[in-house]
Amino acid sequence: MQCMICVEEVNSDVPRITQVRLMGLRGQYKSNCPKKIDTIARNILNHCFTYYVLGKAPKIIVCDEFDTVDVDELYRENIGDNTKIVDVDIKGIPFKIVHSKNYMKTKEKHTVNLCANHWGVQPISLSKIFGNVNTKLEDNKGEFTYSGYVMSELLDSHVNRERTKIELPEKPNLVEAIGSNEIVECMESMVLDYLRKDITESNKKKAEIVKDYVYNKNPKYRLLLKNRPELLNEIPWITDEEKLEMELFKQEQKFKLELKREGKELEQELKEGVTDYQSYIQKRNTYAEKVSDMGKSNLAEYVMHRKAILDILAQNIKYKDQEQQKYAYEKNIHQLIFPMTKTSDDIDYLQHNLWIIDEKLAYHHYLASDMKLKSMSEINNNSGKEPDIVIFDSPFAFTDEQDQPYRTMTRFISLQAAPMCIVWRTESL
């Protein structure tokens, strides 16, 4: 496929047309050259943008054997009069910035471009100020991305030979009265001022998305909305619920750390002696309220955890194969309640779900799961029998059997889908 770019000097007294054919490109250029004429046309528009704004652009047409794109029409349809030129003075040096809203449907991000002699040279990402704003902003004309173009004689005189970079130091020095950092900071401030209304509306929509998720799907994070409402500005624009939950989790950890630090400071103030009693009580009450909210959040999280476990259990006790009326494997339920071949010394308290059977089972002296009696450290017995779960604790029932180890027990439970034996005993056998 061949691509041809035609450039016509419309303002010239003598019409002149230049044709550039993209064919037989060298390997190092071919791999990086766009293949679609739409992309090539957009890149040309971005590079020559200030010429279009100032009405100095030639007529440029990009075409191949299948289609044609008029860059002039591309500018009028997607940008047109959605531009604003602002003059600004930085340390006595005049700059001109062109603000524009680009309504083309692309994946491009908001950028400011440093220009030299009206050509776009060095794009600068606005992630610092747009990191938590939607990739696309929106107004009454639709979604758009922001593109800014900065022009100045200073930039013209400091472009490198390849016209790929503005060679200014980051900070002023003995030679240069102004650094690139100062220019970028000034431009960021101007961009925020230009897009203030659009950013405000975008943040409102983001806040609605976050609140809807928290109130209706993950209430454990309600404490953050109450105690740290500013986090809505810190959270990136995310619609994927899993990613949003991760961002909220990060904010929750920050809040917990701040709360712990605040508690330590109050303790230290009390040790050193409180001089302003009323102020201390007020800070203590505020701290207590935050701790209370954290407790409610932990409770909400625990309730959600239990619901998820019960949902999994419900799936496992149904027929796995309706036609053959087969249940799920017994090990599925066993693992859910307590990991197999483990004891209470091997796992963390939160790794089991004994509460499914009885809340009291969570508090015990010793538990062994799916292990032979003779391998249990709490039992002096050579039996090779292998109960599903054996728990040592206070007995509430006795049998008439004289032989150990089943003379006293508290539970014997059988689940329909998968039989399970629970033996709960107190004294060492």
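A short reminder: the numbers here are calculations on the coordinates, not readings from a lab. For clarity, every value in this text was computed on a predicted model and none was experimentally measured. Positions of Cβ are backbone-derived with ideal geometry, glycine not excepted, and every protein chain shown enters the neighbour counts.
For residue 237, the amide hydrogen comes within under 5 Å of the amide hydrogens of 133, counting only partners 5 or more places away or on other chains and with H modelled in the peptide plane. Coupling constants for the range 329-337 follow from the phi torsions by the Karplus curve (6.51 cos²θ - 1.76 cosθ + 1.60, θ = phi - 60°), and in residue order they are 5, 4, 5, 4, 6, 4, 4, 5, 7 Hz; glycine and proline get x. The mean sequence distance of close C-alpha pairs (under 8 Å, at least 6 residues apart), as a share of the length of the range 97-159, puts its relative contact order at 48 percent. The C-alpha atoms of the range 128-276 occupy a region whose extents along the principal axes are 62, 50, 27 Å, arranged from largest to smallest. Here the simple spin-label model places points 7 Å from the Cα toward Cβ, and for residue 165 and residue 265 these points are separated by 4.3 nm.
Model label sites at residue 140 and residue 63, defined 7 Å from Cα along the beta-carbon direction, differ in position by 3.9 nm.
Peptides 159-172, 112-125, 23-36 ordered by packing proxy, namely the average of other Cβ atoms within 10 Å per residue, highest first: 112-125, 159-172, 23-36.
Past 19 Å, Cα to Cα: identify those pairs from 141/197; 260/307; 205/254; 217/250, in the order given.
On the way: 141/197 14 Å; 260/307 29 Å; 205/254 24 Å; 217/250 17 Å.
260/307; 205/254, as the Cα separations exceed 19 Å there.
Summarising the overall dimensions of the range 83-194 from its C-alpha atoms, the Rg and Dmax are 14.4, 48 angstrom. Taking θ as phi - 60° and the Karplus parameters 6.51, -1.76 and 1.60, the scalar couplings of the range 230-236 work out to 5, 5, 4, 7, 8, 6, x Hz in sequence order, x denoting glycine and proline.
Given charges of +1 on the Cβ of Lys and Arg and -1 on the Cβ of Asp and Glu, with all other atoms neutral, how large is the dipole of the range 83-194 about its Cα centre, in debye to the nearest 20? Please report the intermediate quantities before stating the final value.
On the way: 14 positive and 16 negative charges, 94 e Å.
Computed about the Cα centre, the dipole is about 440 debye.
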